[in-house]
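The values are calculated or read from the model by the stated rules, or taken from the named source; none is laboratory data. Quantities reported herein were computed from a predicted structural model and do not represent experimental measurements. Quick reminder, even Gly has a Cβ in these numbers, built from the backbone with ideal geometry, and neighbours come from all protein chains shown. Please note that ligands, DNA and RNA were not included when accessible areas were found on the heavy atoms of the full protein model with its side chains. Shrake-Rupley method; radii C 1.70, N 1.55, O 1.52, S 1.80 Å.
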Amino acid sequence: MRSSPDLEAWVAGALPRLLGLAHAMTGSRAEAEDLVQETLAKLIASWGRASSADHVDAYVRRMLVNTWISHRRRRWTRELVSHAVVTADRAVPSFPGHGDLLGQREELVGALRGLPPRQRAALALRYYDDLSDTAIAEALGCSVGAVRTSIHRGLRALRASMPAPELSEVRP
Amino acid sequence: MKIDSFEEMHDVEARLRSLYDAPVPFDMDAVMAGAARRARHRRRARTVSAAGGALVAVGVIAAAALAATFDTGHPRPAGGPASVTRRAEPIQGARLAKPLYGMPDVAPRGPQLVGGVRFFSDTGDGPGAAPALGAQSCQEPGRTGLQQVASRNWSFSKDDNHLDRREVDLTLTGWPHGRGSAAMRELVGDTGECAFLHRQTPLAWPGHASPDHWLAVSGVSGDDRQALAVTRVGDVLVTVVSTAPNEKVAVQMATGMNDAAVARLRESGLPAAAGSACSASTPCPPASAKARDARTNGPKALVNAWVVPDVHPTDPVVIGPLPAPGSDPAVVDDTQSAAIPPVMGPQSCQDSRRPGGFPDAGRSWDYGNSMLTPPGGSDATLTVTGWSEGTGPRAMADIVHDTGFCQFVRPMRTQAWAGHPGADHWLATWTDTAATKRVTAVAVTRLGDVLVATSVTSPDRRTAVRLATSMTDDAAGRVRASGIPAAQGR
């Protein structure tokens, strides 16, 4: 019989990854911490069931995603939060030209905030967690086809919303 | 992630990876401590709800009489629609609307607190508490037993131990003159009105070998162990239920704090603790004891000031095609928190410059969510919020005029709500300008200081309005039937 992992040890190991995924989905440090707290609170209450799952990480990842989606107030809330607030807690890279990059990053954050939750979650699972389409589908509770559609639409929307760089200067 | 080339910079996928890989300084300890705290609040809400369900059933029969029970400001919660419909089932122990006497404060303090726990809450005088609150449910149909005449509960928890879940419930229950021993037998034999949630395994309690003492342990969830220590003092039962990651600690907490509470009870001079009835020569202290909890010492907490009853509609006629809460166990569909907007979904509470604040208590239920809802489907959120005494009308007006702390993120258009005139009802809609043209309908009804609001999003306006209004009507009816004083002008 497979023994259940210890809750505290599992959380200690998984917490950085959970927070990172939550941050990728929400775009806000405070909201990510809030989301992870809420997910862990539910996990603590249901650890017996969660720890017996074949893949605890996948089980909790799905809880995290569903918690975020279920709390739809956050989906609406993000539209009121300013760029400054969203990016205030983001670490600023310290290398030459970081101002330009920061501006582009803010553009990207703003564009992400305009995406529907399904697309944001799918992008975070793909590009933060490096999950396969199958694993993303499991986390989202939808088909692999729906995952690919979401990611495709999300990327297309991001590309459309971000101004293209001035390519004329480098064209031959 | 280092970005090496202009082409890569231009690629949105590379930008995403770069964005996601940027280091963020999370406060891991705070997150874990917060999660443990929220879990404790959830667990506590469940156990209190389980114990209080009986009172709601009575509330259906005699809501007005029961209202007096709630003078402490901590109304007993509902047990959900099932308990409301179980109105014909006699619940013996909850018949008394007022306690016969007040229980003294016997909560252990200082070095009497075992296991590092600290005071968390005091419910004030009952009756209504399960004799072993935290380990029993009083919603089992067909069970009857002795009627308690007074009760009081204190809870304790360890806040700074992250996921080490240590918590304690101390409960005093008073029984009719001369019936203390019978109440003890009912509790130990699990034959009373309230039933144990888990199988109890008796343990020897050194120095307490008599029928007036009982120590037992049980497993609860995961690796948690629960210990139960009971002592009869005259016609009063002193019960401590402790939860800890291991049995030894749980037993130490239960027995140590039981001994401390018993000593304080004996010192109090309560006639019932000496086996005496109330009389002119041995007067009983009046019940008063205003409820309090640790949240009064700190900033606004997520924890509700009182338990919002489970009033979410489940009738297919009412909820139509919506997925019922609980249909997917991985979906969080029942949120109990004081830090929620009165209309969950289309409102936001992010602007600290707005006047007012959060409600005293709140609860919401999600019927599906936007991710799992197919393009032609609908989803909804029901929100019930309780506001400070006398402020319900203002909270309602703040919704209608969008002047409250939480505000609509889209301008809502007020609609006529047939059969619901006046300022206590409001129906409004908003249509998405995107290609989907999805409609959000919001229906709100005020009952005293309680607001019942449903927000429905659907591709069809008529469906959105019908679901929002029918669900609000149904839930409002359940709130009314629950007898909570906040909905009845206190």
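Proximity of backbone amide H atoms, modeled 1.01 Å from N, is registered between residue B:357 and B:405 at under 5 Å, excluding neighbours fewer than 5 places apart on the same chain. For the stretch A:114-149, the residues whose amide N sits under 15 Å from a probe point set 7 Å from the Cα of residue A:159 along the beta carbon direction are A:149.
Quick one: order A:152, B:213 from most to least accessible surface, probe 1.4 Å. It would help to have the intermediate numbers written out before the result.
Details: A:152 110, B:213 45 Å².
Accessible-area ranking of A:152, B:213, largest first: A:152, B:213.
Of the whole protein surface, residue B:208 contributes about 40 Å² of accessible area at a 1.4 Å probe radius.
Take the Cβ-Cβ distance between residue B:30 and residue B:397 as r, set R0 to 51 Å, and report the resulting FRET efficiency rounded to the nearest 0.05.
Working: r = 37 Å, r/R0 = 0.72.
With R0 = 51 Å, the Cβ-Cβ based efficiency is 0.85.
Checking an interface number: how much accessible area is buried between A and B, summed over both chains, with a 1.4 Å probe, in Å² rounded to 100? Walk me through the numbers before you get to the answer.
Working: alone 10440 and 22140 Å², together 26560 Å².
That pair of chains buries around 6000 Å² in total.
Close amide H pairs (under 5 Å, H built 1.01 Å from N) link residue B:447 with B:452, residues at least 5 positions away or on another chain.
Converting phi to 3J(HN,Hα) with the Karplus coefficients 6.51, -1.76 and 1.60 and the offset θ = phi - 60°, the stretch B:409-424 yields 8, 10, x, 8, 9, 5, 10, 6, 10, 4, x, 10, x, x, 7, 8 Hz in sequence order, with x at every glycine or proline.
For the stretch B:399-487, the Kirkwood hydrodynamic radius comes to 13.6 Å, computed from all pairs of different C-alpha atoms. Using the beta-carbon distance between residue B:460 and residue B:198 and R0 = 41 Å, what value does 1/(1 + (r/R0)^6) give for FRET efficiency, to the nearest 0.05? Approximately 0.30, to the nearest 0.05. Counting, for every residue in A:9-22, the Cβ atoms of other protein chains within 10 Å of its Cβ and taking the mean gives 3. Label-to-label distance, residue A:152 versus residue B:276, with points set 7 angstrom from Cα along the beta-carbon direction: 8.5 nm. Each residue of the stretch B:319-324 is assigned a 3J(HN,Hα), and the resulting list reads 8, x, x, 5, x, 6 Hz, derived from the Karplus form 6.51 cos²θ - 1.76 cosθ + 1.60 (θ = phi - 60°), x at Gly and Pro. Could you work out the percent of alpha carbon pairs in the stretch B:374-426 separated by over 16 Å, rounded to a whole number? For the stretch B:374-426, the fraction of Cα-Cα distances above 16 Å is 58 percent. Close amide-amide hydrogen proximity is noted between residue B:149 and B:174, B:175, each under 5 Å apart and 5 or more residues distant or on a separate chain (H modeled in the peptide plane; Pro and chain starts excluded). Note that the stretch B:196-212 has calculated 3J(HN,Hα) couplings of 5, 7, 9, 5, 9, 10, x, 10, 5, 10, x, x, 9, 8, 7, x, 8 Hz, one per residue in order, obtained from phi through the Karplus relation 6.51 cos²θ - 1.76 cosθ + 1.60 (θ = phi - 60°); glycine and proline are x.
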